[in-house]
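Everything on this sheet refers to the single structure shown next.
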Amino acid sequence: MTAWLHIVGIGEDGLDGLVPATRTVVETAEVIIGGDRHHQLAPNIAAERLSWPHPFDALIDVLRGLKGKHVVVLATGDPLWYSVGARIGRSIPNDEIVFHPQLSAFQLASARMGWSLADVETLTVHGRPVEQMIPYIRPNARLLLLTTGSETPGQIAGFLTERGYGASRISVLGAMGGENEVRFDGVASDWGHEVPAFNTMAVECIAGDNALVLPLMGLPDDAFVSDGTMTKQEVRAITLSRLMPMRGALLWDVGCGSGSVAIEWMRGARDALAIGVEPKEQRRAFAAQNAATLGTPRLKLIDGRSPEALGDLPAPDAVFVGGGVSEEVFDIAWTALKPLGRFVGNAVTLEGEAVLRDLYAKHGGDLARISVERASPVGGLTGWRPAMAVTQWSLIKR
């Protein structure tokens with residue numbers, strides 16, 4: 001197959017910034033697709049011009065309809081780094097596409113800041129919930145972020161200040177590589193700059209004395225709002241080690257309660273997703289609040305009971321049942337799990353433990369009993385107070 005679709009990264013210097021071969025690809029195109037800004041960067045070309053479709057998901061159908069023509073899609077910087085090229089590449093065969101990368105915003109921003117790109121977190125909140133950056137706020141972290149608009153730096157400055165990182169240094173960079181390049185510098189606690197809508201943000205996290213320091217997983221119980229019914233910290237850490245969060249993987253959290261396991265799953269790996277099934281409205285409200293506060297706003301919550309609510313869910317990479325485990329729930333989850341998927345069931349009642357013992361006898365896996373004791377006051381002294389023991393069964397689909 002001869003490639004007919006060219007995804008071209010273009011910078012603020014427009015056609016002049018392209019290597020000669022790539023410039024020829026653009027100048028000889030029959031159809032050019034891009035945003036208004038992209039078209040302005042590549043003027044005076046005799047090609048049919050198309051803007052991004054609405055909704056944007058229709059882009060793939062538009063491109064397929066142009067097959068056979070010489071088509072160029074203009075993107076900003078590197079089209080495969082948090083850009084439209086990745087979406088197109090998942091839908092159109094690779095041998096039909098040629099990618100032409102330009103310097104990315106991350107590369108330009110790291111050069112402006114004098115930061116080694118290998119030592120920073122590169123994130124995007126462009127067209128995504130801004131809260132997704134919250135898990136990356138930690139002492140001495142350096143962050144580069146593609147933003148959604150002019151309001152995004154102020155929102156992030158607010159997140160930093162609320163968590164005790166008000167002294168963090170912020171730089172907002174706009175029109176990098178062009179004649180109109182601008183830069184705004186300040187600190188989170190008094191950020192007030194009006195910045196251009198198209199910008200890249202650099203953050204150096206500086207922790208104050210009251211800074212919130214949280215791990216990605218194994219969060220303290222008081223990091224969550226709940227009615228007290230939740231998988232506790234030590235058991236949660238063991239549970240997540242069995243579930244094994246991986247990039248882009250999907251978890252079913254059946255009976256998710258306040259969402260602690262689902263939220264830590266999403267914090268534990270980039271782009272990890274979770275669906276929480278919970279019949280109680282108050283607990284779903286707690287889970288939604290926790291997800292926003294702890295940086296996993298993409299947690300999907302479903303009002304339903306198992307096993308009925310599980311039938312139409314997308315295939316998971318892992319399933320956690322923290323309450324209400326039964327053979328029927330296991331059978332549905334096991335059938336739906338992808339190869340090498342992980343199933344973990346926890347129980348604190350004798351009835352739930354009996355179900356897990358039977359499943360272990362039939363299917364193998366690992367059966368463990370987890371007991372935790374915490375120091376607490378006993379009169380004027382201190383003693384150990386045991387929590388309810390948790391029986392845990394886990395199995396990998398081979």
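The values are calculated or read from the model by the stated rules, or taken from the named source; none is laboratory data. Only a predicted model underlies this, so the values are computations on that prediction, with no experimental measurement involved. Positions of Cβ are generated from backbone atoms using ideal geometry, with glycine treated the same way; all protein chains shown enter the neighbour counts. Heads up: the accessible areas ignore ligands, DNA and RNA and are worked out on the full protein's heavy atoms, side chains in. Shrake-Rupley method; radii C 1.70, N 1.55, O 1.52, S 1.80 Å.
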> Looking at the stretch 142-157, which of its residues are open to solvent by 10 Å² or more (accessible area, probe 1.4 Å), in contact (Cβ under 8 Å) with a residue 12 or more places away in the chain and over 21 Å from E12 (Cα atoms)?
Replying inline: R142, G154, Q155
> From the set of residues in the stretch 207-224 that are outside any helix (DSSP H, G or I) and open to solvent by 50 Å² or more (accessible area, probe 1.4 Å), which is nearest to W393 (Cα to Cα)?
Replying inline: M217
> When you go through (1) open to solvent by 10 Å² or more (accessible area, probe 1.4 Å); (2) closer than 26 Å to T335 by Cα one by one for Q282, which number turns out not to apply?
Replying inline: (2)
>> Can you pull out every residue in the stretch 336-352 that is farther than 16 Å from G255 by Cβ, in contact with a strand residue (DSSP E or B) (Cβ under 7 Å, 6 or more places away or on another chain) and open to solvent by 30 Å² or more (accessible area, probe 1.4 Å)?
In response: L340
> Can you tell me which of G295, G304, G322 is closer than 30 Å to I137 by Cα and modelled with pLDDT under 95?
Replying inline: G322
> Only one of (1) over 23 Å from the mean Cα position of the chain (by Cα); (2) small (G, A, S); (3) under 26 Å from Q132 (Cβ atoms); (4) open to solvent by 40 Å² or more (accessible area, probe 1.4 Å) fails for G322. Which number is that?
Replying inline: (4)
> Quick one: is R247 in contact with a Cys (Cβ under 8 Å, 6 or more places away or on another chain) and open to solvent by 40 Å² or more (accessible area, probe 1.4 Å)?
Replying inline: no
> Within the stretch 54-63, can one find any residue that is within 22 Å of F198 (Cα to Cα) and not in a helix (DSSP H, G or I)?
Replying inline: yes
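From V25, V19, grab the single residue that is of a type in the set (A, V, I, L, M), touching a strand residue (DSSP E or B) at 6+ places or on another chain (Cβ under 7 Å) and within 16 Å of P79 (Cα to Cα).
After ruling out the rest, the residue left standing is V25.
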>> Could you go through the stretch 46-53 and let me know if any residue there is touching a Gly at 6+ places or on another chain (Cβ under 6 Å) and farther than 18 Å from G14 by Cα.
In response: yes
> Given the conditions (1) at pLDDT 95 or above; (2) within 20 Å of V98 (Cβ to Cβ), and given that D61 satisfies all but one, which numbered condition is not satisfied?
Replying inline: (2)
> Out of K362, K300, which single residue is without any contact (Cβ under 8 Å) to a residue 40 or more places away in the chain, over 30 Å from R128 (Cβ atoms) and not aromatic (F, W, Y)?
Replying inline: K362
